[in-house]
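Below: the structure, in structure tokens.
Please treat every number below as a calculation from the coordinates, not as lab data. A quick note: this is a predicted structure, and the numbers were derived from the prediction, not measured. Glycine also receives a Cβ, built like all others from the backbone with ideal geometry; neighbour counts cover every protein chain displayed.
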Amino acid sequence: MLSLLSVYPQAAHERDEWILARRGSRNAVDPRSPYAYLLEDERNVAGEIVPTATIFLTNRECPWRCLMCDLWRNTMTESVAAGAIPQQIDYALERLPAARQVKLYNSGSFFDSRAILPGDYEAIARRLDGFERVIVECHPALVGGACVRFMDSIRGRLEVAMGLETAHPEILERLNKRMTLEMFAESARFLRKNEIDLRAFILVKPPFMREEESVEWALRSLEFAFECGATAASLIPTRGGNGAMEELADAGDFSPPTLRALEEAMERGMQLKRGRVFADLWNAETWPGCDACRDGRVARLHAMNLEQRILETVECRGCKDEA
């Protein structure tokens, strides 16, 4: 928990400057192409495992300065030109195999009008005609009429992913997301009223949280997301890499979660039987933990993502000896 001796500012108005001052450099990106794209399998609402195209759009930086965020590394300082986002989608889809779902992630909010220009909605929609489901991400503050306008332009089902991060109200405030649980719930109600599906992103062990609290708060966050109507929730192990998190780690205010904490959070989330629970396995090969069993445990989580059931635990004598 944040103490009076913490290096992190207690005053909210000082936090943006503190976070920005600890950043490194951005990566070079091209506004004519997405900075990444990939094909993955995902279990859908109906229980089918379907191919899903994920396109990481090159775009302007998000206007919020969240403490844990490192997505700004692949962003631009200015908005892209009209037509650039449809061009990026073309670039990715021409190089990816056929898919039934598509995720358009832009390191910010799809409904930020300075990121995805509303004038490009129809051109984007034409490129998405063949997809059953279109998944975009958005800050709760920008959920509104633009969601409905975009939904009306596409043929598939629209799903909006929102970062809940944590249901711990004090820690949520310290993340500098400028969002409350009430704001998340209100945006979720708007989506539900307009028949737009909700996916939630949840951090496992955000900064200022003790290891022994991490699984319980991940579970509470899952419960809150499902109460708000989420059909899916992704558990994301909180990582460093943006400068601010490294300084918090040096001060004792942050350490990444253990792989076992992620496993337990996923197991307990699945036991709720209220929606799909996914473990985010990005960069799993670099996670701290036991070298002898990491690959097997990550493979187990991947299989659980697809099967949506708890599988047999990977046994490791080395881990037991460490414990």
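For volume of the Cα convex hull per residue in Å³, several values are listed as [x] 151; [y] 134; [z] 173; flag the one computed from this structure.
[y]
Any idea which of 266, 66, 98 is furthest toward the positive side of the dipole for the chain, if Lys and Arg beta-carbons carry +1 and Asp and Glu beta-carbons -1?
Of 266, 66, 98, it is 98.
Can you sort 39, 67 by how many other beta carbons sit within 10 Å, fewest first?
Details: 39 14, 67 23.
Fewest-to-most Cβ neighbours within 10 Å comes out as 39, 67.
Please state the charge dipole magnitude for segment 67-193, taken about the Cα centre, from unit charges on C-beta atoms (+1 on K and R, -1 on D and E), reported in debye and rounded to the nearest 20. Walk me through the numbers before you get to the answer.
On the way: 17 positive and 17 negative charges, 58 e Å.
It works out to roughly 280 debye.
Can you list the HN-Hα couplings for segment 262-278, worked out from phi with the Karplus curve (6.51, -1.76, 1.60; θ = phi - 60°), rounded to whole Hz and with x for Gly and Pro?
Couplings: 5, 4, 5, 4, 5, 4, 5, x, 5, 5, 5, 6, 10, x, 6, 10, 10 Hz.
Name the residue from 179, 166, 81 whose Cα lies farthest towards the positive end of the charge dipole of segment 19-322, charges +1 on Cβ of Lys and Arg and -1 on Cβ of Asp and Glu.
Going by the charge dipole, the pick is 81.
Dividing the convex hull volume of the alpha carbon atoms of segment 52-117 by its residue count, what do you get in Å³ per residue?
On the way: hull volume 6.2 nm³, N = 66.
Convex hull of Cα atoms, per residue: 93 Å³.
Excluding residues fewer than 8 places away in the same chain, name every one of the aspartates and glutamates whose C-alpha is closer than 13 Å to that of residue 103.
40, 41, 42, 132, 137, 159
Show me, for segment 135-152, the HN-Hα J-couplings you get by feeding each phi into the Karplus relation (A = 6.51, B = -1.76, C = 1.60, θ = phi - 60°), rounded to Hz, glycine and proline as x.
3J(HN,Hα) across segment 135-152, in whole Hz: 10, 10, 10, 7, 5, x, 5, 9, 7, x, x, 4, 4, 5, 4, 5, 4, 5.
Let me spell out the model: positive unit charges on the Cβ of Lys and Arg, negative unit charges on the Cβ of Asp and Glu, origin at the Cα centre of segment 196-322. What dipole size does that give, in debye rounded to 20? Write down the numbers at each step before the final one.
Working: 16 positive and 23 negative charges, 109 e Å.
The dipole magnitude comes to about 520 debye.
Using θ = phi - 60° and the Karplus curve 6.51 cos²θ - 1.76 cosθ + 1.60, what whole-Hz ³J(HN,Hα) does each residue of segment 222-234 get, with Gly and Pro shown as x?
With the stated coefficients, segment 222-234 comes to 4, 4, 5, 4, 5, 4, 7, x, 4, 9, 8, 9, 9 Hz.
Taking +1 at the Cβ of each Lys and Arg and -1 at the Cβ of each Asp and Glu, which of 49, 293, 154 sits farthest along the dipole of segment 19-322 towards its positive end, judged by Cα position relative to the Cα centre?
154
Report the Cα centroid-to-centroid distance between segment 253-323 and segment 1-54 in angstrom, as an integer.
21 Å
Which of these, 134, 160, 298, has the largest mean-square fluctuation under a Gaussian network model of the chain (Cα springs below 10 Å)?
Taking springs between Cα atoms under 10 Å, the residue moving most is 298.
Please report, in debye to the nearest 20, how large the charge dipole of segment 256-323 is about its Cα centre when each Lys and Arg carries +1 at its beta carbon and each Asp and Glu carries -1 there. All intermediate terms of the calculation are to be shown ahead of the outcome.
On the way: 11 positive and 12 negative charges, 77 e Å.
The calculated dipole for segment 256-323 is roughly 380 debye.
Name the most mobile residue of 145, 156, 229, meaning the one with the largest mean-square fluctuation, in a Gaussian network model of the chain with Cα contacts below 10 Å.
Result for the chain, Cα springs under 10 Å: 145 fluctuates most.
Report the semi-axes of the equivalent ellipsoid for segment 160-220 in whole Å, largest first, where each axis is √(5λ) for an eigenvalue λ of the Cα gyration tensor. Walk me through the intermediate numbers first.
Details: eigenvalues 109, 30, 14 Å².
Equivalent-ellipsoid dimensions as semi-axes: 23, 12, 8 Å.
Sort segment 167-323 into rounded, prolate or oblate with this rule: let a ≥ b ≥ c be the square roots of the eigenvalues of the Cα gyration tensor; rounded if a/c is under 1.5, and if a/c is not under 1.5, prolate when a/b is larger than b/c, oblate otherwise. Each step should come with its number before you reach the end.
Values: a/c = 2.22, a/b = 1.27, b/c = 1.76.
It comes out oblate by the Cα gyration axes.
Once you place label points 7 Å from the Cα toward the Cβ at residue 41 and residue 100, how far apart are they in nm?
Each label point lies 7 Å from its Cα, and together they span 1.2 nm.
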